Each structure stands twice: as C-alpha cells, then as structure tokens.
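Inspection log for the structure reproduced underneath, given as structure tokens.
The values are calculated or read from the model by the stated rules, or taken from the named source; none is laboratory data. What you see is a predicted model; the values in this text were computed from it and never measured. Cβ: placed from backbone, ideal geometry, glycine included. Neighbour counts: every protein chain shown. Side chains are part of the model used for accessible areas, which takes the heavy atoms of the whole protein and leaves out ligands, DNA and RNA. Shrake-Rupley method; radii C 1.70, N 1.55, O 1.52, S 1.80 Å.
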Amino acid sequence: MLNARITKNKFFVFCFLALYALSLLLLFSRRGVGFYLHPFAGDSFMDLFNMAVRPYNTTYPPLSLIPFKLLHLLPHPDVALSEEGLRANYCGAMFLALYFLAFASVFLFTTYFFVKGEPKRKIFYSVLLLFSGIVLWALERANIMSFAFLLSLLFVIFYSSGDEKKKRLSYLFIALAMSLKLYPGAFLLLLLEKKDFKGLLTVALETLVIFVFSFIACAHLDFIINFEKSMGLMNYMKSALAFVKVAAHLALFALLAAAACFLLFQIHAENWKRAGIAGAACLAAFFAAALYLRVAKGVDALAWLSVAAESVLNALKFGDRMTKNAEGVNVSIKNFVLLAHFFLTGKASVQSGAAIALCKILCAALCVFSFAFNKKIWKKLLSVSLLCVYVPDFSGMYLLLYLLIPLLHFINDGEESALDFAFACLFAVATTFLIVPHKFVLSAYYLVTGSFVVISLSVFAMFLLVVLSAAFDLIKERRQAR
C-alpha cells in the first residue's frame, strides 16, 4: 500500500509544480509580458559577452575573466570588440553552448549522486532542480557565479563526506570558488566550526596561488587583446614579429598554467618543501616581471598591482556600488530595506547610509549566530547561503542558486517538523518562476513584475525563520543544561 502521508519533500514538490504550472499559464496568457527574467531579450547572456570584450574588469577576480578573454581571441578582432557582434558570431554561440553543457552536466552528475534514494528519485530531483527558476535565471544571464556555486556545492559534499582524501580535495574546490568570487568564502565557517585551521591555511595558500596565476595570465591575454586593437587587423596580419609576440605571450600563459597546477598539487599532497621551493620560484618570477615592466616598459609596478587589488577590495566591500534605489532583480537585505521604505513612504531611496550599513552588519551577525546554534546541517548551510546572498549589496536573482545547497540537504534529511513545511513552501517560492502579473515603477528602476517582490519577501521570511530556529535550539539547550 502506498504511503499517503504528506512529507515535507512531497509538500515542496507539490508547491514547486503548482507554482511552476501557474506561472506558465500566466506567461502564455500574457504573451510573455511580466516574465520576471530580464525584460530585454537583447540583454540575454550578456554577462558572458560583456566580460569577454572588456580588456580590464575589476568587478570580478582575474580567474573569472580568463575564459572570457580567451573567447575574445577566437573570432575576428573587429567582431570581438563588440558585445553584440561577439554574441552574433558563431564562436560566441559555441562558447555559450559549452557553458550550458558544462553547467548542466556537472549539476546533474553532482545532484544525482548526492540525493539519497532509488535512481528514479535521484533523477526526478536532479531534473526538477535543473529546470528551477533560479537555475534558468543564472543560465539566462550566463554569469560566472553559476560555476562558483557548483564548486561550493562540491566543497560541501566532499568536506562533509568523512573521507580524508575527499576532504583535502574539497579545499581546492572552495579555493577555486573564492577565486571566481570572494563570497563563497562564507562556507569556510564549516572549517572554523571544526577548528580545521590546517585546512584554512591550505585554502588560503591555494587561493593565493590561483589568484596570482590568474592575474599574471590576464596580463598576458590583455597584451594580446590590446596589441590587436592598437595595430589593427591588417597591420597585425602583415607583421611576422607580431605573430612571434602573440605566440610568446600564449606560451607564457601555458607555462604559468603548468607551474600553478604543479604548485597546487604540491600543496594538496602536503609536500611543503617542494611547495615552498616552487612558490619561491613563482614569487621570484612574479617580481621579475614587475621589475621588467617598470624598467623596460616604464609601467608603474604598484599601479599594475592595484588593478588586481581593486577586485579584491570590491569583493571585501561586498560589492557596494553605492546604489540608493531599490532594484528590480536584487534580493539583498539592502534592497529589501529600500523596497520596504518604498512601500511605506512612496520614496525609492534613503538618505542615511549608516542605517543600511547597520542592517548589513546585523544581517551578517545573525547569519553567523544561526550557523553556530542551529543543530541540523541544512539549516547551518542555509545560514551560510544567506550570508552569501543577503549581505552583498548587488545580489541578483541568480545568487539564489546558493539556496540549492541547503535545499539538497533538506531533501535528504529524513526528520521533519511542522516548521519544515514552512521552509518547504519558501524553498518552492524562491526556486520556481512564480510570475505575479503586477508592475511597480520606482524613480530610477523598473520592476518587471511583482514576482521579485514576492521572492524577496520569501527569502526574508526564510532568513527570519532560520534565525528564530537557532534561538529556539539555543534556549532548549540551555534549559536541558540546567
């Protein structure tokens, strides 16, 4: 006889599919008007192409720029200098297809083997989450954060496996994730909780190696990009010396990649003597390159290094862009406060930056509190994911990808309570399309529909519930200790 009992997982699936079906009906009935994905079709996938055509970009750490700079070198230089031209070019289309294929295959493979149960159950949840609204949103933007999410997911799975080899491999996953964007560093709370200071040191060293390699590699790729731009295609084609220069920089790029991989392997294997020698050699080469630029090229070495530092400082400031208005695709605590202020006063901006800063600090502190005192692993991971999503000022909808990490653990968790059904409903709202056909107009930004408002409210409710759950667990623990 089939088990007719309603579980939290069944309730999540029911809410997810019901909201998905309702959203699709509204979408077709309105001929696509009010769809909460980006309203301008011409801007789809442009995170990928914007990053490819800009020789310098300090919004992201250098590792995230390498594949996009390589994309820049594939098509005709005249095409590569234009976002629209690159997007319409077959190289751009193939790069986008590879991006989709890489994400979908790694995501399906990881979720299939992580979800507990029979193969049918594994396939069902893997496909369900692959076609969730937040995954499709991230793919529609083609944002590099999607791969930082995958690496963070792999880190959590491998670190909590209990296997020492997998645990050490997890350090590399989180180092790569932090090298793409610094926000996944919030997951290092898992290491702090277990007092894994050796692991923290390993992650710090691996992140440093990846960052330095990426920065110098970008410098070589930028030389080629600017070289093509300054010479012009016809002059570049006529000069044999130009080909030699470009080939030399590509060879140095490959050599740097090999040296970085060797150094990372030595750190992973804990061969500290070899790692120290290789690290010293790489550091000497780095300073030699800086000295060469200063003496032979007249480039200020400090200014050269400041380009790398700017992306790190931007990340440490949690992406503070000094935006004073609510945005239609932003789910940060700052945007939530701005949105609440708009509905209460009719004004889309606030004058006091101190109040916003206080809200961000309080949010970060509550997330850490929730991580420390919640007992269930999925609630701890939800706290960390909210720390990634909610504290940075610019948190587009695609950052909600991080909610899939606690959601997968939530699905695997066999225990349940009445509160879990509320979490199941909120997870469903945050991960499906949920189209609400209503428009709001702010002073500077246009909210496509009320969908983002509902999703923003659901994330805030999730934040409150997980903090209250930690408080209740703490009170219960104190009472039992008496």
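Under a Cβ-only charge scheme (Lys and Arg +1, Asp and Glu -1), can you give me the dipole magnitude of region 156-222 about the Cα centre, in debye to the nearest 20?
Working: 8 positive and 6 negative charges, 45 e Å.
Once rounded to the nearest 20, the dipole reads 220 debye.
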Indicate the gyration tensor shape class of region 135-271 (rounded, prolate or oblate), computed on the Cα atoms with a ≥ b ≥ c the square roots of the eigenvalues: a/c under 1.5 is rounded; otherwise a/b larger than b/c is prolate and the rest oblate. prolate
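Quick check for you: with a 1.4 Å probe and neighbouring chains kept, what is the accessible area per residue of region 172-214, in Å²? Please report the intermediate quantities before stating the final value.
Numbers: 1660 Å² over 43 residues.
Per residue, region 172-214 has an accessible area of 39 Å².
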Rounded to the nearest 0.05, what FRET efficiency do Ala281 and Leu419 give with R0 = 45 Å and r taken as the Cβ-Cβ distance? Could you check? 0.25
Amide H contacts under 5 Å for Thr432, restricted to residues at least 5 apart in sequence or on another chain and with H modeled in the peptide plane, are Gly133
Pop the C-beta distance of Phe197 and Lys476 into the FRET formula with R0 = 35 Å and round what comes out to the nearest 0.05. 0.70
So if each residue of separation counts as 0.36 nm, and I subtract the Cα-Cα distance between Ala257 and Tyr112, what length gain in nm does that give? 49.0 nm
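Take the Cβ-Cβ distance between Ser239 and Leu70 as r, set R0 to 22 Å, and report the resulting FRET efficiency rounded to the nearest 0.05. Before the final figure, lay out the partial values.
Working: r = 22 Å, r/R0 = 1.02.
That pair, Ser239 with Leu70, gives E of 0.45.
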Entries of Lys8/Lys167; Lys10/Lys122; Lys380/Lys476; Lys379/Lys476 with Cα pairs more than 19 Å apart: Lys8/Lys167
